[in-house]
1. Would you call S259 touching a residue at least 60 places away in the same chain (Cβ under 8 Å), of a type in the set (S, T, Y) and touching a His at 6+ places or on another chain (Cβ under 6 Å)?
2. So which of D57, D48 is in contact with a strand residue (DSSP E or B) (Cβ under 6 Å, 6 or more places away or on another chain), surrounded by fewer than 24 Cβ atoms within 10 Å (Cβ to Cβ) and either under 29 Å from F220 (Cα atoms) or at pLDDT below 95 (or both)?
3. Condition first: over 30 Å from A203 (Cα atoms), surrounded by fewer than 18 Cβ atoms within 10 Å (Cβ to Cβ), more than 18 Å from the chain's Cα centre (by Cα) and among the acidic types (D, E). Can you find one or more residues in region 115-135 that meet it?
4. Please find, among A170, A230, A203, A182, the residue that is assigned to a helix (DSSP H, G or I), under 19 Å from G305 (Cβ atoms) and assigned by TED's automatic domain parsing to the domain that holds L270.
5. Looking at V155, V140, V101, can you tell me which residue is assigned to a strand (DSSP E or B) and assigned by TED's automatic domain parsing to the domain that holds R213?
6. Does region 279-291 include one or more residues that are assigned by TED's automatic domain parsing to the domain that holds R171, within 20 Å of A69 (Cα to Cα) and modelled with pLDDT of 90 or more?
7. Quick check on V37: is it at pLDDT below 95 and among the β-branched types (V, I, T)?
Amino acid sequence: MHAEGDSSVPDLSTVRAALTVACRAPSVHNTQPWRWVFDGGWLFLYLDTELHLPAADPQSRQLTISCGAALDHARQAFVSMGWFPYVTRMPDPHRPQLLAVFEFRPWDGPLNRTAARVRAIPRRHSDRLPMSAPDDWPAVLDTARELARPHHVTVDEIADSDRVRLAEAARHVTSLRSHDRAYQDELQWWTASSESHQGIPAAALVSATEAARTDVGRAFPFAPYSNRRADLADQSRLIVLSTVGDSPGQWLHTGEALSNVLLECTARGLTTGELTQVTELATTRSVLAELITQPGVPQIVLRIGVAPDEDTDLAPTPRRPLSEVFDFRPAHRAHRTS
């Protein structure tokens, strides 16, 4: 048991600061489905099952990926603050909602790219508008693959010749989902909810005109008419993050890899946007699997490009107060690492 004030673990203020950063992680429909508990020595990450999306995400795959992104955001934030977290993932098979446990050691080693990625966290946002082509794309793609490899996640680029097929698959999902009342009700709730700290704000939505100029996108409810970036044809690159299997542990790792790739892109001045709808249905997921070069299970598609300078300084998407997603429980001991 760690004693209060023990210098071998981060203090409560440091934990709060790191988790405030971690909670800027992206999540499906901005649900923010994570729950953190700190007991004075160990930090526990739980999946908030109350935020389950039964129509869009019946297995909680996307929610778990979202929590993986928050896990990686937290890990990098702690390292930047002088603490190295040893992470045990999925520690208790009888408690699947317990996703990870952090045990800490002081860290004074090199930060390498960690500092730049942590600084990028407040700037990262999902861009649904047309983008210019990313600069030095081969180096970006190589770096994305390098960052995903430790998580056993593969990164494939969608070839230009395959974009039409992927766009057709995305439109097919939209058509099928348009007749799914439960799905549409769920989508409307998360884009028009009265809860100001969750969901996708109106400012983050695009109009029908804008959406029509992006060949592969997600069909959220349209914003009122606008025609931003009217002179810009979408030249974003598309990559797919895939895993060998399709288990909760692999979903968690996918989220961690996604976080690393997103933050590295943002640190390089690039803009990103996550696409999940083409992996929600088996039919379109199988189409996506045929477009990647290595056998695997597609988990998420990512758009990467460059936004005009005037569009890079946007208001941040709202987040739940830390008090809603974090508890300090000195007596809590859900799991102890060996």
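1. On the way: touching a residue at least 60 places away in the same chain (Cβ under 8 Å): yes; of a type in the set (S, T, Y): yes; touching a His at 6+ places or on another chain (Cβ under 6 Å): yes.
For S259, the condition - touching a residue at least 60 places away in the same chain (Cβ under 8 Å), of a type in the set (S, T, Y) and touching a His at 6+ places or on another chain (Cβ under 6 Å) - is met.
2. Values: D57 fails: in contact with a strand residue (DSSP E or B) (Cβ under 6 Å, 6 or more places away or on another chain).
On inspection, the qualifying residue turns out to be D48.
3. Keep residues of region 115-135 that are over 30 Å from A203 (Cα atoms), which gives none.
No, the conditions are met nowhere in region 115-135.
4. Details: A230 fails: assigned to a helix (DSSP H, G or I); A203 fails: under 19 Å from G305 (Cβ atoms); A182 fails: under 19 Å from G305 (Cβ atoms).
Just a single option satisfies the conditions, and that option is A170.
5. Working: V140 fails: assigned to a strand (DSSP E or B); V101 fails: assigned by TED's automatic domain parsing to the domain that holds R213.
Testing whether each residue is assigned to a strand (DSSP E or B) and assigned by TED's automatic domain parsing to the domain that holds R213 leaves just V155.
6. Residues of region 279-291 that are assigned by TED's automatic domain parsing to the domain that holds R171, as a first pass: 279-291.
Pick out the ones that are also within 20 Å of A69 (Cα to Cα) and you get 279-280.
Filter again for modelled with pLDDT of 90 or more, leaving 279-280.
Yes, the conditions are met somewhere in region 279-291.
7. Working: at pLDDT below 95: no; among the β-branched types (V, I, T): yes.
It is false that V37 is at pLDDT below 95 and among the β-branched types (V, I, T).
The values are calculated or read from the model by the stated rules, or taken from the named source; none is laboratory data. Being a predicted model, the structure only gives us computed values, none of them experimental. Don't worry about glycine lacking a Cβ; one is built from the backbone with ideal geometry, like all the others, and counts go over all protein chains shown.
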